[in-house]
């Protein structure tokens, strides 16, 4: 398969030389200076992020699912975002799905050449019976990952709505995204290390996408996570304080309500 050459800013030479000669303070200062540029790059992409969120919402509001596919750091970021949706927002498992090239083993350890397998993405998606009611987002810093763009390409042909989060302009991945998001963060502090600024940009955009969708789907009340799963003592305490604040009752009464009704939303609704 021939991939057309693109101006790949994620592979641009670092703005800094002789990193190994820098003091710890200088290394940290320069990394921080580079990281500060990421939110400004995202700001330029906000109109396109809005379009993608609104399109995904139209699918999810009637029962569709949100899928992420990616390789390496990008794939791991998608899995992190997907795995945090059920406990944070109370959505059922499988409503947001993260898939990484190389399978679950690649979450912890790099799987050689998994990102170059242009046949595997659709096989992985097919296991979930992805269909035109769902929404698929490809995540790839370079925008040239075969696993991702072939997955998007086939999905488009099958009538699945697609989006992407990439960090280069005019990429192969963006070509097969109905709603492309291109956050161009420029050269990395360590040349080509896209786990840094590019990864940060992708994480921030994913936060925006999933949080916006969950708010629009009704899983937040006011500014509180009223549907969160009570999976540890910290969250039980947080839920208790939410109920105390909303109903103006003491801690024991709030905790009793929480235990009885299983989550904050139901506890508040039962009392009102």
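The values are calculated or read from the model by the stated rules, or taken from the named source; none is laboratory data. Source: prediction; values computed, not measured. Here the Cβ positions follow ideal geometry from the backbone for every residue, glycine too, while neighbour counts run over all protein chains shown.
Take the residues in region 150-176 that are in contact with a helix residue (DSSP H, G or I) (Cβ under 6 Å, 6 or more places away or on another chain), in a loop (DSSP other than H, G, I, E, B) and in contact (Cβ under 8 Å) with a residue 40 or more places away in the chain, then tell me which one is nearest to residue 33 (Cα to Cα). So, considering only residues that are in contact with a helix residue (DSSP H, G or I) (Cβ under 6 Å, 6 or more places away or on another chain), in a loop (DSSP other than H, G, I, E, B) and in contact (Cβ under 8 Å) with a residue 40 or more places away in the chain, the one nearest to residue 33 (Cα to Cα) is 167.
Selection of region 98-123 for residues being in contact (Cβ under 8 Å) with a residue 40 or more places away in the chain, under 16 Å from residue 76 (Cα atoms) and assigned to a loop (DSSP other than H, G, I, E, B) yields only 101. Looking only at region 124-135, decide whether some residue is at pLDDT below 95 and in a helix (DSSP H, G or I). No, the conditions are met nowhere in region 124-135.
Return the residue satisfying two criteria in turn: it lies in region 98-113 and is closer than 17 Å to residue 125 by Cβ and touching a strand residue (DSSP E or B) at 6+ places or on another chain (Cβ under 9 Å), and of such residues it is surrounded by the fewest Cβ atoms within 10 Å (Cβ to Cβ). It comes out as 106.
So that you can scan it fast, the table gives a plain yes or no per residue for (1) part of a helix (DSSP H, G or I); (2) without any contact (Cβ under 8 Å) to a residue 60 or more places away in the chain; (3) surrounded by fewer than 21 Cβ atoms within 10 Å (Cβ to Cβ):
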position: 41; (1), (2), (3): yes, no, yes
position: 47; (1), (2), (3): yes, yes, yes
position: 50; (1), (2), (3): yes, yes, yes
position: 56; (1), (2), (3): yes, no, no
position: 68; (1), (2), (3): no, no, no
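Where residues in region 229-272 are outside any helix (DSSP H, G or I) and farther than 23 Å from residue 84 by Cβ, which of them is modelled with the lowest pLDDT? Across region 229-272, the extreme among qualifying residues is 272.
Of the residues making up region 74-97, those that are surrounded by 18 or more Cβ atoms within 10 Å (Cβ to Cβ) and assigned to a helix (DSSP H, G or I) are 74, 75, 76, 77, 78, 79, 81, 82, 85, 86, 88, 89. Can you tell me which residues in region 18-28 are loosely packed, with under 12 Cβ neighbours inside 10 Å and in a helix (DSSP H, G or I)? Listed by number, the residues that qualify are 20, 21, 24, 25, 28. Number of residues in region 124-149 that are without any contact (Cβ under 8 Å) to a residue 60 or more places away in the chain and in contact with a strand residue (DSSP E or B) (Cβ under 6 Å, 6 or more places away or on another chain) equals 1. Within region 34-63, the residues that satisfy the criterion of being in contact with a helix residue (DSSP H, G or I) (Cβ under 8 Å, 6 or more places away or on another chain) and over 21 Å from residue 140 (Cβ atoms) are 57, 60, 61. Name the residue, out of 87, 180, that is at negative phi and in contact with a helix residue (DSSP H, G or I) (Cβ under 7 Å, 6 or more places away or on another chain). The match here is 180.
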